[in-house]
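Just so it is clear, none of the values below were taken in a lab; they were calculated from the coordinates. Given the structure is predicted, the values throughout are model-derived calculations rather than measurements. With ideal geometry, Cβ positions are generated from the backbone for all residues, glycine too; neighbour counts draw on all protein chains shown.
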Amino acid sequence: MRDPGLDFQPRRPGLLTVVLLLAGVLLCADAWLEDRNLQGQLDEAAARLAQAKRRADRLDAGRRDSQPENVFSAEEAKALRQTMGLIRVDWERLFRSIEDATGEDVALLAIRPSASGKSVQLSGEARNMAAALAFVDALRREPLSNVVLLSHQIRQSDPQQPILFEISATWSTGS
């Protein structure tokens, strides 16, 4: 009869099996250590986020407490609205239109704008009456309207006898 080839004594594992087993154990240990490290970083980040939220809530509560609803009295609110209205006025456009209308024969002495009344008063001096009237006509364009020569006077004491004048006009603010 033939030998069935049954061996009841276990064989010893080969060197390759032992090396592969050790490599598997080392890889598992490395993965476990990396997981512990990443979990620690995640916990730190969560703690910083919670601290930042608490700080933001405290700052927000402090702002709400320090800003009462009615900061200004009625008079202060009215003055603030008037000031804001003055800021919104296109002053550059107004002064540029006056400057463009001023010729060589006219010298402005004063410009008194009133933003609340949207009016302007001009005081000046012209070489002659024709130059003063030409200046009044030149002012009659946007943004100025209702341009009126209020008064004029010849300065007799000056040898060139210039014309002193007062002009009133209204203007559109463009807002």
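Brief remarks follow.
- All-pairs alpha carbon distance profile, the range 125-167, 5 Å steps from 0, percent: 6, 24, 29, 20, 12, 6, 3, 0
- Global form of the chain, assessed from the alpha-carbon gyration tensor, a/c cut-off 1.5: prolate
- Exposed-loop-free span, longest in the chain, where chymotrypsin sites (Phe, Trp or Tyr not before Pro) count as exposed if DSSP calls them loop and at most 12 other C-beta atoms lie within 10 Å: 73-175
- Taking the longest Cα principal axis of the chain as reference, the axis of helix 74-88 is set at about 80 degrees.
- The 3J(HN,Hα) values that the Karplus relation (6.51, -1.76, 1.60; θ = phi - 60°) gives for the range 13-28 are, in residue order, x, x, 5, 4, 5, 5, 5, 5, 5, 5, 5, x, 5, 5, 5, 5 Hz. Gly and Pro appear as x.
- If R0 is 45 Å, the Cβ-Cβ spacing of Ser123 and Val71 corresponds to a FRET efficiency of close to 0.65.
- When the helices of the chain are scored as -39500 (n - 2.57) per DSSP H run of n ≥ 4 and the total is divided over every residue, the value at 222 nm lands at -18000 deg cm²/dmol.
- Dipole magnitude (debye, nearest 20) for the chain, charges at Cβ of Lys, Arg, Asp, Glu: 500
- A convex hull fitted to the Cα coordinates of the range 89-171 yields 77 cubic angstrom per residue.
- For the range 15-67, the Cα-based Rg and Dmax, in that order, read 23.2, 79 Å.
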